[in-house]
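The values are calculated or read from the model by the stated rules, or taken from the named source; none is laboratory data. Just so it is clear, the structure is predicted and the values come from calculations on it, not from any experiment. Here the Cβ is made from the backbone with ideal geometry for all residues, glycine too, and neighbour counts use every protein chain on show. Surface accessibility is based on the protein's heavy atoms, side chains included, excluding ligands, DNA and RNA. Shrake-Rupley method; radii C 1.70, N 1.55, O 1.52, S 1.80 Å.
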Amino acid sequence: MSTAERQAKIRIVLVNTSHPGNIGGAARAMKNMGLAELYLVEPREYPAPRAVWRAAGARDVLANAKIVGSVDEAIKDCGLVIGTSARERRIPWPLINPRECGDKIWKEAKSHQVALLFGREDRGLTNSELQKCHYHVHIPSNPDYSSLNLATAVQVLSYEIRMASLTRKNGKLPEMNEWDQPLATADELELFHDHLASTMADLKFYDPDNPKQLLTRMRRLFNRTRMDKMEVSMLRGLLSAAQRKQGK
Ligand code: SAH
(Lines give C-alpha, C1' and ligand atoms only; values in the text may rest on other atoms or scores of the structure.)
Protein backbone atom coordinates (compact mmCIF):
# COMPACT_ATOMS: atom_id res chain seq x y z
CA MET A 1 0.00 0.00 0.00
CA SER A 2 1.34 3.44 -0.94
CA THR A 3 1.99 6.23 1.55
CA ALA A 4 -0.82 8.27 -0.04
CA GLU A 5 -3.32 5.42 0.33
CA ARG A 6 -2.38 5.09 3.98
CA GLN A 7 -2.62 8.84 4.59
CA ALA A 8 -6.09 8.78 3.05
CA LYS A 9 -7.22 6.40 5.81
CA ILE A 10 -6.33 8.91 8.53
CA ARG A 11 -9.13 11.26 9.50
CA ILE A 12 -8.88 14.38 11.62
CA VAL A 13 -12.22 15.13 13.32
CA LEU A 14 -12.87 18.57 14.82
CA VAL A 15 -15.83 18.55 17.17
CA ASN A 16 -18.09 21.58 17.50
CA THR A 17 -15.32 24.09 16.78
CA SER A 18 -16.14 27.73 17.72
CA HIS A 19 -13.53 29.66 15.79
CA PRO A 20 -13.42 29.18 12.01
CA GLY A 21 -9.81 30.38 12.05
CA ASN A 22 -8.90 27.20 13.92
CA ILE A 23 -10.55 25.08 11.23
CA GLY A 24 -8.41 26.79 8.57
CA GLY A 25 -5.33 26.46 10.77
CA ALA A 26 -6.01 22.75 11.26
CA ALA A 27 -6.41 22.24 7.49
CA ARG A 28 -3.05 23.89 6.89
CA ALA A 29 -1.35 21.89 9.65
CA MET A 30 -2.72 18.68 8.14
CA LYS A 31 -1.66 19.45 4.57
CA ASN A 32 1.86 20.37 5.72
CA MET A 33 2.08 16.87 7.20
CA GLY A 34 0.54 15.06 4.22
CA LEU A 35 -2.98 14.55 5.63
CA ALA A 36 -6.19 15.61 3.90
CA GLU A 37 -9.23 13.91 5.44
CA LEU A 38 -10.95 16.57 7.55
CA TYR A 39 -14.31 16.00 9.25
CA LEU A 40 -16.18 18.82 10.97
CA VAL A 41 -18.82 17.83 13.51
CA GLU A 42 -21.32 20.68 13.88
CA PRO A 43 -18.90 23.59 13.45
CA ARG A 44 -20.41 26.67 15.11
CA GLU A 45 -19.49 29.15 12.39
CA TYR A 46 -18.79 27.59 9.03
CA PRO A 47 -18.19 28.17 6.12
CA ALA A 48 -16.36 31.37 6.97
CA PRO A 49 -13.86 33.64 5.20
CA ARG A 50 -11.54 33.48 8.24
CA ALA A 51 -11.21 29.74 7.81
CA VAL A 52 -10.17 30.12 4.17
CA TRP A 53 -7.72 32.86 5.09
CA ARG A 54 -6.04 30.77 7.79
CA ALA A 55 -5.93 27.69 5.54
CA ALA A 56 -3.63 29.56 3.10
CA GLY A 57 -2.42 26.96 0.56
CA ALA A 58 -4.57 24.23 2.11
CA ARG A 59 -7.89 25.49 0.76
CA ASP A 60 -8.35 22.19 -1.02
CA VAL A 61 -8.38 20.34 2.31
CA LEU A 62 -11.00 22.79 3.57
CA ALA A 63 -13.07 22.53 0.38
CA ASN A 64 -13.14 18.72 0.70
CA ALA A 65 -13.95 18.74 4.43
CA LYS A 66 -17.02 16.72 5.34
CA ILE A 67 -19.54 18.37 7.62
CA VAL A 68 -21.45 15.89 9.76
CA GLY A 69 -24.04 16.10 12.51
CA SER A 70 -22.46 13.90 15.19
CA VAL A 71 -19.25 12.25 16.35
CA ASP A 72 -20.88 8.86 15.73
CA GLU A 73 -21.36 9.74 12.09
CA ALA A 74 -17.75 10.95 11.76
CA ILE A 75 -16.27 7.73 13.16
CA LYS A 76 -18.78 5.08 12.12
CA ASP A 77 -16.47 3.19 9.71
CA CYS A 78 -13.29 3.54 11.82
CA GLY A 79 -11.44 0.62 13.38
CA LEU A 80 -9.35 2.84 15.64
CA VAL A 81 -10.55 6.02 17.35
CA ILE A 82 -8.24 8.17 19.45
CA GLY A 83 -9.41 11.17 21.48
CA THR A 84 -7.26 14.13 22.50
CA SER A 85 -7.32 15.55 25.97
CA ALA A 86 -5.67 18.69 27.34
CA ARG A 87 -5.96 17.48 30.96
CA GLU A 88 -6.50 14.52 33.26
CA ARG A 89 -10.07 13.28 33.26
CA ARG A 90 -11.97 11.71 36.07
CA ILE A 91 -12.40 8.34 34.36
CA PRO A 92 -8.99 6.78 33.69
CA TRP A 93 -8.64 5.47 30.13
CA PRO A 94 -5.75 3.89 28.20
CA LEU A 95 -3.50 6.90 27.73
CA ILE A 96 -0.73 7.18 25.13
CA ASN A 97 1.77 9.92 24.31
CA PRO A 98 1.95 11.70 20.93
CA ARG A 99 4.79 9.49 19.67
CA GLU A 100 2.94 6.27 20.48
CA CYS A 101 -0.16 7.85 18.93
CA GLY A 102 1.72 8.58 15.67
CA ASP A 103 3.09 5.03 15.54
CA LYS A 104 -0.23 3.40 16.30
CA ILE A 105 -2.13 5.47 13.75
CA TRP A 106 0.44 4.89 11.01
CA LYS A 107 0.61 1.17 11.69
CA GLU A 108 -3.15 0.66 11.80
CA ALA A 109 -3.92 2.87 8.78
CA LYS A 110 -2.45 0.02 6.74
CA SER A 111 -5.54 -2.05 7.41
CA HIS A 112 -8.40 0.23 8.47
CA GLN A 113 -9.82 3.74 8.83
CA VAL A 114 -8.49 5.69 11.78
CA ALA A 115 -9.93 8.82 13.46
CA LEU A 116 -8.26 11.35 15.73
CA LEU A 117 -10.78 13.53 17.60
CA PHE A 118 -10.20 17.12 18.70
CA GLY A 119 -12.51 18.95 21.11
CA ARG A 120 -14.05 22.37 21.56
CA GLU A 121 -11.82 25.35 22.29
CA ASP A 122 -13.62 26.11 25.55
CA ARG A 123 -14.26 22.66 27.00
CA GLY A 124 -12.61 19.97 24.93
CA LEU A 125 -14.39 16.66 24.26
CA THR A 126 -17.28 15.56 26.51
CA ASN A 127 -16.91 12.45 28.64
CA SER A 128 -19.33 10.58 26.42
CA GLU A 129 -17.28 11.50 23.33
CA LEU A 130 -14.05 10.44 25.07
CA GLN A 131 -15.63 7.12 26.01
CA LYS A 132 -16.13 6.28 22.33
CA CYS A 133 -12.34 6.23 21.96
CA HIS A 134 -9.98 3.26 22.20
CA TYR A 135 -7.18 5.49 23.50
CA HIS A 136 -6.67 9.00 24.76
CA VAL A 137 -3.63 11.03 23.81
CA HIS A 138 -2.24 13.93 25.80
CA ILE A 139 0.47 16.29 24.56
CA PRO A 140 2.74 16.55 27.61
CA SER A 141 2.52 20.32 28.00
CA ASN A 142 3.22 22.53 31.01
CA PRO A 143 0.85 21.27 33.75
CA ASP A 144 0.28 24.88 34.85
CA TYR A 145 -0.85 25.83 31.34
CA SER A 146 -1.64 22.63 29.53
CA SER A 147 -4.12 23.61 26.86
CA LEU A 148 -2.73 24.24 23.37
CA ASN A 149 -4.53 26.15 20.65
CA LEU A 150 -6.69 23.67 18.73
CA ALA A 151 -4.85 24.05 15.38
CA THR A 152 -1.51 23.80 17.20
CA ALA A 153 -2.57 20.52 18.80
CA VAL A 154 -3.54 19.24 15.32
CA GLN A 155 -0.08 20.27 14.14
CA VAL A 156 1.78 18.40 16.89
CA LEU A 157 -0.14 15.16 16.45
CA SER A 158 -0.06 15.28 12.62
CA TYR A 159 3.71 15.80 12.84
CA GLU A 160 4.07 12.66 14.94
CA ILE A 161 2.10 10.70 12.34
CA ARG A 162 4.46 12.02 9.67
CA MET A 163 7.53 11.11 11.71
CA ALA A 164 6.15 7.60 12.20
CA SER A 165 5.69 7.31 8.43
CA LEU A 166 9.27 8.45 7.75
CA THR A 167 11.17 6.52 10.43
CA ARG A 168 10.00 3.32 8.86
CA LYS A 169 11.90 4.23 5.70
CA ASN A 170 14.76 6.54 6.61
CA GLY A 171 18.00 5.57 8.26
CA LYS A 172 16.99 1.97 8.77
CA LEU A 173 17.87 -1.17 6.90
CA PRO A 174 14.96 -2.97 5.26
CA GLU A 175 13.40 -5.76 7.30
CA MET A 176 15.08 -9.15 6.85
CA ASN A 177 12.10 -10.42 4.85
CA GLU A 178 12.82 -7.81 2.15
CA TRP A 179 16.59 -8.31 2.09
CA ASP A 180 18.40 -8.48 -1.29
CA GLN A 181 20.14 -11.82 -0.53
CA PRO A 182 18.85 -15.02 1.07
CA LEU A 183 19.81 -15.32 4.73
CA ALA A 184 22.44 -17.85 5.79
CA THR A 185 20.95 -20.99 7.27
CA ALA A 186 21.90 -22.49 10.63
CA ASP A 187 24.06 -25.22 9.08
CA GLU A 188 25.96 -22.67 6.98
CA LEU A 189 26.57 -20.63 10.11
CA GLU A 190 27.86 -23.72 11.94
CA LEU A 191 30.36 -24.34 9.13
CA PHE A 192 31.37 -20.71 9.27
CA HIS A 193 31.98 -20.85 13.03
CA ASP A 194 34.02 -24.07 12.68
CA HIS A 195 36.06 -22.41 9.96
CA LEU A 196 36.55 -19.29 12.08
CA ALA A 197 37.66 -21.36 15.10
CA SER A 198 40.16 -23.42 13.08
CA THR A 199 41.59 -20.31 11.40
CA MET A 200 41.99 -18.55 14.73
CA ALA A 201 43.75 -21.63 16.06
CA ASP A 202 46.04 -21.78 12.98
CA LEU A 203 46.90 -18.12 13.51
CA LYS A 204 47.54 -18.84 17.21
CA PHE A 205 44.98 -16.18 17.93
CA TYR A 206 43.49 -18.47 20.52
CA ASP A 207 44.38 -21.66 22.32
CA PRO A 208 41.83 -24.44 21.55
CA ASP A 209 42.62 -26.03 24.93
CA ASN A 210 41.72 -22.86 26.76
CA PRO A 211 39.12 -21.03 24.64
CA LYS A 212 37.57 -18.97 27.47
CA GLN A 213 34.60 -17.02 26.14
CA LEU A 214 36.07 -16.16 22.73
CA LEU A 215 33.99 -18.54 20.60
CA THR A 216 30.81 -17.68 22.45
CA ARG A 217 31.43 -13.99 21.98
CA MET A 218 32.18 -14.50 18.26
CA ARG A 219 28.88 -16.37 17.92
CA ARG A 220 27.03 -13.60 19.67
CA LEU A 221 28.71 -10.95 17.51
CA PHE A 222 27.81 -12.64 14.21
CA ASN A 223 24.31 -13.60 15.36
CA ARG A 224 23.54 -9.93 15.93
CA THR A 225 24.16 -9.18 12.25
CA ARG A 226 21.89 -11.83 10.66
CA MET A 227 24.43 -12.61 7.92
CA ASP A 228 23.21 -13.50 4.44
CA LYS A 229 24.66 -16.30 2.28
CA MET A 230 26.92 -13.98 0.33
CA GLU A 231 28.37 -12.41 3.48
CA VAL A 232 29.14 -15.86 4.91
CA SER A 233 30.89 -16.92 1.72
CA MET A 234 32.92 -13.67 1.65
CA LEU A 235 34.11 -14.21 5.21
CA ARG A 236 34.89 -17.85 4.55
CA GLY A 237 36.96 -16.76 1.53
CA LEU A 238 38.85 -14.41 3.81
CA LEU A 239 39.45 -17.18 6.36
CA SER A 240 40.70 -19.52 3.60
CA ALA A 241 43.11 -16.82 2.38
CA ALA A 242 44.47 -16.42 5.92
CA GLN A 243 44.90 -20.19 6.18
CA ARG A 244 46.70 -20.36 2.82
CA LYS A 245 49.14 -17.70 4.01
CA GLN A 246 49.88 -20.01 6.96
CA GLY A 247 50.63 -22.79 4.49
CA LYS A 248 47.55 -24.79 5.57
N1 SAH B 1 -10.42 23.81 28.22
C2 SAH B 1 -10.38 22.72 27.33
C3 SAH B 1 -9.25 22.91 26.38
C4 SAH B 1 -9.56 22.49 25.04
S5 SAH B 1 -8.28 22.90 23.95
C6 SAH B 1 -10.17 21.43 28.11
O7 SAH B 1 -9.75 21.55 29.24
O8 SAH B 1 -10.38 20.34 27.63
C9 SAH B 1 -9.02 22.42 22.45
C10 SAH B 1 -8.60 21.09 21.92
O11 SAH B 1 -7.23 21.13 21.55
C12 SAH B 1 -8.73 19.93 22.88
O13 SAH B 1 -10.02 19.40 22.95
C14 SAH B 1 -7.76 18.95 22.25
O15 SAH B 1 -8.37 18.40 21.12
C16 SAH B 1 -6.64 19.86 21.79
N17 SAH B 1 -5.59 20.01 22.80
C18 SAH B 1 -5.22 21.16 23.43
N19 SAH B 1 -4.21 20.92 24.30
C20 SAH B 1 -3.94 19.61 24.22
C21 SAH B 1 -3.00 18.74 24.87
N22 SAH B 1 -2.14 19.20 25.78
N23 SAH B 1 -3.01 17.44 24.54
C24 SAH B 1 -3.86 16.95 23.62
N25 SAH B 1 -4.78 17.71 22.99
C26 SAH B 1 -4.81 19.02 23.27
request  = Under a cut-off of 16 Å between alpha-carbon atoms, report the lysines in cross-link reach of residue 107, not counting same-chain residues fewer than 8 places apart.
outcome  = 9, 169
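In deg cm²/dmol, rounded to 500, what helix-only [θ] at 222 nm does the chain give when every DSSP H run of at least 4 residues adds -39500 (n - 2.57) and the total is split over its residues?
-13500 deg cm²/dmol
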task = Please quote Rg/Rh for the range 72-168 to two decimal places, taking the Kirkwood radius as Rh and restricting both calculations to Cα atoms.
result = 0.94
Ordering of 11-23, 102-114, 218-230 by packing [mean C-beta count within 10 Å, highest first] = 11-23, 102-114, 218-230
ask   = Residue by residue through the range 184-196, which ³J(HN,Hα) values in whole Hz follow from phi under the Karplus form 6.51 cos²θ - 1.76 cosθ + 1.60 (θ = phi - 60°), with glycine and proline marked x?
value = 5, 8, 4, 5, 5, 5, 4, 4, 4, 5, 4, 5, 4
note = Residues whose built amide H sits under 5 Å from the amide H of residue 139, excluding neighbours closer than 5 in sequence, are 85
query = Of the listed peptides 156-162, 238-244, 125-131, what is their order by residue-averaged count of other C-beta atoms within 10 Å, with the highest listed first?
reply = 156-162, 125-131, 238-244
remark   = Of all GluC sites (Glu not before Pro) in the range 2-57, the ones in DSSP coil with at most 13 other Cβ atoms within 10 Å are 45
remark   = Mean shadow area (nm²) of the C-alpha convex hull around the range 8-143 is 7.9
task = For the chain, give the magnitude of the charge dipole about the Cα centre (Cβ charges: +1 Lys/Arg, -1 Asp/Glu; no others), in debye to the nearest 20.
result = 460
query = From the phi of every residue in the range 216-227, what ³J(HN,Hα) in whole Hz does the Karplus formula 6.51 cos²θ - 1.76 cosθ + 1.60 yield, where θ is phi - 60° and glycine or proline is x?
reply = 4, 5, 5, 4, 5, 4, 6, 5, 5, 8, 6, 5
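Over the range 186-245, what lengths in whole Å, largest first, do the semi-axes of the equivalent ellipsoid take, defined as the square roots of 5 times the eigenvalues of the alpha-carbon gyration tensor? All intermediate terms of the calculation are to be shown ahead of the outcome.
Values: eigenvalues 69, 49, 13 Å².
Taking √(5λ) for each eigenvalue gives 19, 16, 8 Å, largest first.
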Share of carbon and sulfur in the accessible heavy-atom surface of the range 3-166 [1.4 Å probe, %] = 51
note = Under the rule rounded for a/c under 1.5, else prolate if a/b exceeds b/c, else oblate, using alpha carbon gyration tensor axes a ≥ b ≥ c, the range 63-126 is classed as oblate
task = With viscosity set to 0.692 mPa s and temperature to 37 °C, compute the Stokes-Einstein D of the chain, Rh being the Kirkwood radius across alpha carbon pairs; µm²/s, no decimals.
result = 151
